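J.: Structure incoming, see below.
Laboratory data are not the source of any read-out in this text; all were calculated from the coordinates shown. Please read all numbers here as calculations on a predicted model, not as lab measurements. Backbone-built Cβ (ideal geometry, glycine too); neighbour counts: all protein chains shown.
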Amino acid sequence: MKVAREIVVLKHGKEKIIFNAELVNPIYFPRGGGKILKILNELKSSEPLTSPPQFCSNELFDFLAFHSLLLPDDTVKTEHKCNECGQSHSGQKSLYLLLSHSCNQSCIYCFNGINSYHRDRHIMMTEETAFRAIKKTFATVSDRLEIVFFGGEPLLNWELAKKIINYCEKKILPGNKDKSIAYHLTTNLTVFPDDLIETAKRCKMTFLVDIDGPEEIHNKTRPFIDGRGSFKITSENIRKLVESGIKVSLRATITSHNDSFMMDIGRTHKELGGESCAFVPLNPVDSDNNILPLSLCPSPKKFAAGLKEVFHSKIWPIKDLYPFNEYMGRLQPLYRNQWGCGAPFGNTPVITASGEIFSCIYLVGNKKYRLGHIFSDDYPSKDVISYMLDTVNVNNRIDCRTCGYRFLCGGGCPVGIFSIEGNRNATAGIKKYVKKMSCTVSKTVLTELLWDLCSRKKIF
């Protein structure tokens, strides 16, 4: 037996949390913990350990081994235990269909570049493309396929969405009783077809709608193309869905315009009847690899403070508050995440209106991450997937190797890394910012969750 190579100690007054950074199974000490650290140090000087030395009881020895502070050798198991990523997780996939590249809003931070989306603002996905994408993707899952209607603004091509649902219910599902399909719509909800509620209730469709804050803030960041504010119509339409019993999750993109008002955003989402509340910091790179002004980006310090304030307010339970709910699922014994999310594995394929396939909605248009075309046999590109996995694996990232949180966060959302990797437009300042924001989010959320679990005596 050997003492774990890297032991993390979190301190909060007299309280301590101690865990092995490579195989996380924390121990909480309401007071002290110093004795354990001393014993671990003494054990290290006695390696290799064939049996407990005199200064360490059998019970304590076993206890330390249970919490992975003592290991059979210095080789870390590479089993990936993430619930959302990994090659073994082919049972479920989320298929993003860009029904429309057009949009009726002009958000100040839009990541849809001109070349990627708007060279022809009126391009719409066809039935042939959508059906082909569904058929090919459905064949690769063993359990559940989530179809996400995306854009642009997908409700500008609502008729296709309805045809897709009918195709799935009449043609795909009848012969696959062991599989299921769920429908999700990401929208600005300024468009509201007459049959939207009826259709959504019938197929149990869920919604994700962007609300960047109270009316004044939202209107500033998400105006219509003609400059009019969109908050009133979006909020009214949200209430229509909620009052009809339809689940609507709400998301705010955090910029320098609203990073000081995250508590207000959380309250607004609650007042509108949202099913959940999400805070997503702006990624300063659009789909054409152009760099957005740093002056538009949120302050990492303010973003962290806002997350803490909303979290401790308890107006949203953890399970309904992003990114806390995502990271909460990772706090389980011996959890180990090396890649951040399922995108590098091709588990979230995005189909453009023209049929091109990308690994993430934020990477559409970036040819480096093109996985193929829906009407060819080149999907998924093994070379692209291999490159993505290698690029964001925390074991290969110098900036992650010394971080005690690396196997809990998996390096964070990989989009930031992908968007600056090899990007000639990415300055040193942008690269530094992207890294800092990613680390700030992960460390803030994980630290708060760990201490919260301890306070409720639910540490594992």
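J.: Just to confirm a number: summing +1 for Lys and Arg and -1 for Asp and Glu over residues other than Leu37 whose beta-carbon lies under 13 angstrom from that of Leu37, what do you get?
T.: Value of the local net charge: +4.
J.: If the cut-off is a Cα-Cα distance under 19 Å, which lysines reach Lys367, setting aside same-chain residues fewer than 8 apart in sequence?
T.: Correct list for Lys367: Lys382.
J.: Going out from 0 in 10 Å bins, what whole percent of all Cα-Cα distances in the stretch 90-460 drops into each bin?
T.: 5, 23, 34, 28, 9, 0
J.: If you count the DSSP beta bridges with both ends in the chain, what percent of them are antiparallel, to the nearest 5?
T.: Working: 20 of 51 bridges.
Within the chain, antiparallel bridges account for around 40 percent of the total.
J.: Against the longest principal axis of the chain, how steep is helix 34-45, in degrees 0 to 90 to the nearest 10, with axes from Cα atoms?
T.: Around 70 degrees separate the two axes.
J.: Between their Cα atoms, which of Lys171/Lys247; Lys204/Lys247; Lys135/Lys177; Lys220/Lys432 are more than 18 Å away from each other?
T.: Violating the 18 Å limit, Cα to Cα: Lys171/Lys247; Lys220/Lys432.
J.: Taking Lys163 as the anchor, which aspartates and glutamates have their alpha carbon closer than 18 Å to its alpha carbon, excluding any fewer than eight residues away along the same chain?
T.: Within the straight-line limit of under 18 Å, Lys163 reaches these aspartates and glutamates: Glu127, Glu128, Glu146, Glu153, Asp194, Asp195, Glu198.
J.: Contact order normalised by length for the chain, with contacts defined as Cα pairs under 8 Å and 6 or more residues apart; what percent is it? Each step should come with its number before you reach the end.
T.: On the way: 845 pairs, mean separation 74.9, N = 460.
RCO, the chain: 16 percent.
J.: Hey, another quick one. May I ask for the angle, rounded to the nearest 10°, between helix 158-167 and the longest principal axis of the chain, with both axes built from Cα atoms and the value confined to 0 to 90°?
T.: Compared with the principal axis, the helix lies near 70 degrees.
J.: Let me ask another. From the P(r) of the stretch 208-278, can you give the percent of Cα pairs sitting at distances over 21 Å?
T.: In whole percent, the long-distance tail amounts to 19.
J.: Further, regarding this structure: Between 0 and 90 degrees, rounded to the nearest ten: what's the tilt of helix 231-243 against the longest Cα principal axis of the chain?
T.: Around 80 degrees separate the two axes.
J.: Further, regarding this structure: Rounded, prolate or oblate: which one fits the stretch 2-77, using the alpha carbon gyration tensor with axes a ≥ b ≥ c (rounded when a/c is under 1.5, else prolate when a/b beats b/c, else oblate)?
T.: Here the stretch 2-77 falls in the oblate category.
J.: Same structure again: How high is the FRET efficiency between Lys367 and Ser455 when r is their beta carbon distance and R₀ equals 35 Å, given to the nearest 0.05?
T.: 0.15
J.: By a straight-distance test (C-alpha under 18 Å), which lysines pair with Lys308 as possible cross-link partners, with residues fewer than eight away in the same chain excluded?
T.: Filter leaves Lys11, Lys270, Lys319, Lys436, Lys443.
J.: Another question, if that's okay. What does the charge count around Asp212 come to, taking other residues whose C-beta lies under 13 Å from its C-beta (Lys +1, Arg +1, Asp -1, Glu -1)?
T.: Combined, the nearby Lys, Arg, Asp and Glu give -2.
J.: Another one. Between the stretch 228-247 and the stretch 289-333, what is the C-alpha centre distance in whole Å?
T.: 24
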